[in-house]
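Since every read-out is calculated from the coordinates, none of them should be taken as a lab result. Quick caveat, the model's predicted, so the values are computed rather than measured. Using ideal geometry, Cβ is built from the backbone for each residue, glycine included, and neighbour counts are taken over all protein chains shown.
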């Protein structure tokens, strides 16, 4: 242990270096201090980077949310005025509602479908890996590119969707240009893209379910539906919690497809909280307002995560 | 599985000479069930794949064919010249190169610094380690939008860059530079967290043996432990590359110059300017999509490992 060396690192950088006299102390403690130095040096670049580009910005966001700031003049402290204004702003209210609707359909609803697909794919099917690849494909593709393709599919004049509907005799819609249909269309794209990751996590979790549970249930005469609700769903609870949390975080941050598909319109029917943050900050240059909006976004996400935790982890504490 | 236990139901319904007939009947029922299952899954899988085929098909159609309604699915005449023409219509090649440079840089930075931090948090004892780890975990949950405004301001007011003075005033800072595209997104708390998990799964005895052999701590990290997590490195590398390649908002905010645009932003700009030229737009979209699709198809194992490993322990 005393032979321990850290030749790559200058010693003086250690923020916890004890007074010089301590160097005379005996072997193990000196080794421990050297390891401490090594540990800090290894983690230092990451601490610096995450500190500068994540931790400080988060704190700055909170501070800026109490100011009026347009980048060109110094920020002016205005207390909670931004928050008061947000609560009176019908567009932000609409954005919050849209975000919740979007989250409802792309998270719990998609999760249920993903779970069924995962169970189906857990059978010993010949085309299993092909199916899995197909369902996961949209997940690895850029949302912007995906949105571009769907923009074209939804195109009222030459799009695939209205084309298929015309063949079966259903009148086409204006989809993204129609305030009634725009949000459902955006939700469809989000659900379509996000189903793969949910399914994948469920497939991984299913492999840890003890097959003897199903055998025991079969002996007791349980049918496939009964097995699904009595064994599969409870055994997948930890996975469900995980999927729920990452999906809510993802859904609350929907932005790219809104930017490409609808620009928040028509008549604000598809604007989201993130989109309002973007508009305030980078179109209106109201940095204080944008910060207050993003603080609210974060708080809502926190509340949703806690609710999600209660809902899926209730009995484990 | 064919030798199913004799249940009360089979005794009631099956009558006497059932022992031969019943398994055959069940097999038939299972066969039908499988067919339905396969059909349903095929339909679902097609829903996933058809938009991609439609994208490629559109990129090869002539403008005249695109104007038809109802639209043709596959092109009647395959217009391969759409691709060189798309490259003329917008500098997709340069967008593509920029995206590649940025994604590759993010991957390298992440692999080096996140693995170091992850190893340190998993295997080195130092004062304040728990605190540092908790700090990273807290940062895991921070949404992009809760940090984007100050991140933009940091870039804009970066001292001594882009004509800024020491206080960050007077110029454009890192806006419209490679710095802004590469540095802020170079490292993520997620990657550090993943590396920590991977290093934790390795036995500590290896390090003890190496220390007795007189290896330095850094060599224990770089020569003993890191080679053992090669699959994990591949996973983190692919996830980082993919995320970086697909990133849109940050490059949109910090660049306005065409020669610094990444492919995702380039697509959006092209759509806004020439939105009606669908064959070129879809050719560009295909070019933006194909690298990730190929990477995924060839490295599926690592992708799947990464996406599932990220949280389930």
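Okay, here's what the table says:
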item	result
Spatial extent of segment A:163-226: Rg and Dmax, with the Cα atoms as the point set, Å	20.7, 56
Label-point separation, residue A:164 to residue B:259 (7 Å along Cα→Cβ), nm	4.5 nm
Rh (Kirkwood; distinct C-alpha pairs) - segment B:259-304, Å	11.8 Å
Scattering curve values for segment B:33-152, log₁₀ I(q)/I(0), Debye with Cα scatterers, q = 0.15, 0.22 Å⁻¹	-0.95, -1.24
Computed lengthening from residue A:104 to residue A:70, 0.36 nm per intervening residue step minus Cα-Cα distance	8.8 nm
Top of B:108, B:155, B:137 by mean-square fluctuation, Gaussian network on chain B, Cα under 10 Å	B:137
Span from the segment B:57-74 Cα centroid across to the segment A:120-181 one, whole angstrom	17 Å
Percent of Cα-Cα distances greater than 38 Å, calculated over chain A	39 percent
Mean projected area (nm²) of the alpha-carbon convex hull when segment B:154-292 is viewed from all directions	12.1 nm²
For segment B:222-267: span of alpha carbons on each principal axis (Å, largest first)	45, 16, 14
Calculated FRET efficiency for the pair residue B:206/residue B:62, C-beta based, R₀ 56 Å, to 0.05	0.35
Förster radius 51 Å - calculated FRET efficiency between residue A:80 and residue A:215, Cβ distance, rounded to 0.05	0.25
Residues of segment A:122-143 with amide N under 17 Å of the 7 Å Cα→Cβ point at residue B:47	A:131-139
Cα-based shape type of segment A:255-317, given that a ≥ b ≥ c are square roots of the gyration tensor eigenvalues and the cut on a/c is 1.5	oblate
For chain B: rounded, prolate or oblate by the Cα gyration tensor [a/c cutoff 1.5]	oblate
Reduced Cα scattering model of segment A:130-270, Debye log10 I(q)/I(0), q = 0.10, 0.21 Å⁻¹	-0.50, -1.20
Shielding by partners, peptide A:177-184 (average Cβ within 10 angstrom, other chains)	0
Label-point gap, in nm, between residue B:178 and residue A:116 - each point 7 angstrom along Cα→Cβ	5.1 nm
Net length gained if the chain between residue A:222 and residue A:283 were fully extended (0.36 nm per residue, minus Cα distance)	16.0 nm
Inter-chain shielding of B:115-125 (mean C-beta neighbours from other protein chains, 10 Å cut-off)	5
Other protein chain Cβ atoms within 10 Å, averaged over every residue that makes up A:281-293	2
Segment A:77-167: translational diffusion in µm²/s, Stokes-Einstein, Kirkwood Rh over Cα pairs, 37 °C, 0.692 mPa s	188 µm²/s
CD proxy at 222 nm, helix term only [per DSSP H run n ≥ 4: -39500 (n - 2.57); per residue of the protein assembly as shown; nearest 500]	-20000 deg cm²/dmol
Cα-based shape type of segment B:125-172, given that a ≥ b ≥ c are square roots of the gyration tensor eigenvalues and the cut on a/c is 1.5	oblate
Simple label model, 7 Å out from Cα along Cβ direction - residue B:294 to residue B:72, nm	2.7 nm
Computed over chain A: relative contact order in percent, which uses C-alpha pairs under 8 Å that are six or more apart	25 percent
For segment B:84-135, convex hull volume per residue from C-alpha positions, Å³	87 Å³
Counting all C-alpha pairs of segment A:17-141, share separated by more than 24 Å (%)	69 percent
Taking segment A:158-317 and dividing mean pair separation by its residue count, relative contact order in percent (alpha carbons under 8 Å, at least six apart)	23 percent
Descending Cα extents along the principal axes, the protein assembly as shown, whole Å	94, 61, 52
